[in-house]
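Student: Right, I'll just put the structure down here and ask away after.
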Amino acid sequence: MTLSASSPVGIFDSGIGGLTVVKAIQSLLPFERIIYFGDTARVPYGSKSQVTIRKYALEDTGILMKYQPKMIIVACNTVSALALDVVEQAGRGVPVLGVLEAGAELAVEHSRNGRIGVIGTRATMASNAYPFAINAINPEVEVFTSACPLFVPLAEEGYTAHPAASMIAREYLEKLLEQGIDTLVLGCTHYPILKTMIGEIVGPEITIIDSAEAVALKARELLAENSLLNVSGVSAFPHLLVSDLPQKFKALCELFLGQEIPDVELMEV
Ligand code: DGL
């Protein structure tokens, strides 16, 4: 397949979480056309088995491939941890970027005391992909992890500042904070939606790493290396596809992006 600078960047996640990556790409690379697929019919991925996650990853990639993307960004840590190879294979030569490595690299860069906390879905935490990626960069770093499965439904429901969300977050983060970490990786793309609340709990001394911002920087690098940056000077709103309830997704997007958005298309899986 010939890749061209005017082709879209394909991005997918299980639901609304990947929009944190869309937002980061839009602000860093405003002229890129984005095609986004959110698998809202099957969210959450993080509490499913590896076999199921790999099957979903294959199907999600197939949907994006119909739009002939010049790059695929896996805006889902769970798929990045458990099924990146499936996406690479189904992408048939299209460059693929996962969020996990980018987040791990940024965390190692930021940590001063070599004690890094990572939060994510059950599947991502059980895979140990973060400790592995972080220790591959620096084996001296100590990594402490905690699964926060309730964060995904809270984000999907727009409970960004609800007292119940804050209570749950305190419970999840308490043990990590006792470990003296100076850096906390949001190892799930849904979590930046709750970043303000998480920041209030962990306090200003701990650097929060958002893998969405990290992957946007990587995407720019990779596109530039391959002479695939879109320099048209024209920006368009992302083409949004979901596998269920497009209206609910539209309302949530508007809440999250703080602007009116065009219709969201239904793409059955
Ligand atoms: N946003 C995804 C992640 O980064 C998946 C969350 C889920 O569906 O459980 O892991």
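The values are calculated or read from the model by the stated rules, or taken from the named source; none is laboratory data. Predicted model, so just to flag it, every value in this text is computed and none were measured. Positions of Cβ are generated from backbone atoms using ideal geometry, with glycine treated the same way; all protein chains shown enter the neighbour counts.
Student: Looking at (1) crowded, with 23+ Cβ neighbours inside 10 Å; (2) of a type in the set (Phe, Trp, Tyr); (3) modelled with pLDDT under 95, which is the only condition TYR159 fails?
Tutor: All conditions pass for TYR159, except number (1).
Student: Just checking, how many residues over region 47-74 are within 14 Å of the ligand (Cβ to nearest atom), within 15 Å of VAL99 (Cβ to Cβ) and either basic (Lys, Arg) or outside any helix (DSSP H, G or I) (or both)?
Tutor: Qualifying residue count for the region: 2.
Student: Right, next: Quick check on my filter: what residues within region 203-220 are modelled with pLDDT of 95 or more, assigned to a helix (DSSP H, G or I) and surrounded by fewer than 18 Cβ atoms within 10 Å (Cβ to Cβ)?
Tutor: ARG220
Here's the yes/no breakdown for (1) under 25 Å from GLY120 (Cα atoms); (2) among the acidic types (Asp, Glu); (3) in a helix (DSSP H, G or I); (4) more than 10 Å from the ligand (Cβ to nearest atom):
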{"position": "SER6", "(1), (2), (3), (4)": "no, no, no, yes"}
{"position": "GLY10", "(1), (2), (3), (4)": "yes, no, no, yes"}
{"position": "ILE16", "(1), (2), (3), (4)": "yes, no, no, no"}
{"position": "LYS23", "(1), (2), (3), (4)": "yes, no, yes, yes"}
{"position": "TYR36", "(1), (2), (3), (4)": "yes, no, no, yes"}
{"position": "ALA41", "(1), (2), (3), (4)": "yes, no, no, yes"}
{"position": "TYR45", "(1), (2), (3), (4)": "yes, no, no, no"}
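Student: Here's another thing I want to ask about it. Out of the residues in region 54-78 that are in contact (Cβ under 8 Å) with a residue 60 or more places away in the chain and among the β-branched types (Val, Ile, Thr), which is nearest to SER7 (Cα to Cα)?
Tutor: For region 54-78, the residue satisfying everything is ILE72.
Student: Could I ask something else about it? If the Cβ limit is 7 Å and pairs must be 6+ apart or interchain, which residue in region 144-158 that is more than 11 Å from the ligand (Cβ to nearest atom) and of a type in the set (Lys, Arg) pairs with which residue that is modelled with pLDDT of 90 or more and outside any helix (DSSP H, G or I)?
Tutor: Taking only residues 6 or more apart or on different chains, not a single pair turns up.
Student: Mind listing whichever residues of region 98-108 are in contact with a Ser or Thr (Cβ under 9 Å, 6 or more places away or on another chain) and either without any contact (Cβ under 8 Å) to a residue 60 or more places away in the chain or not small (Gly, Ala, Ser) (or both)?
Tutor: Across region 98-108, the qualifying residues are VAL99, LEU100, GLU101, LEU106, VAL108.
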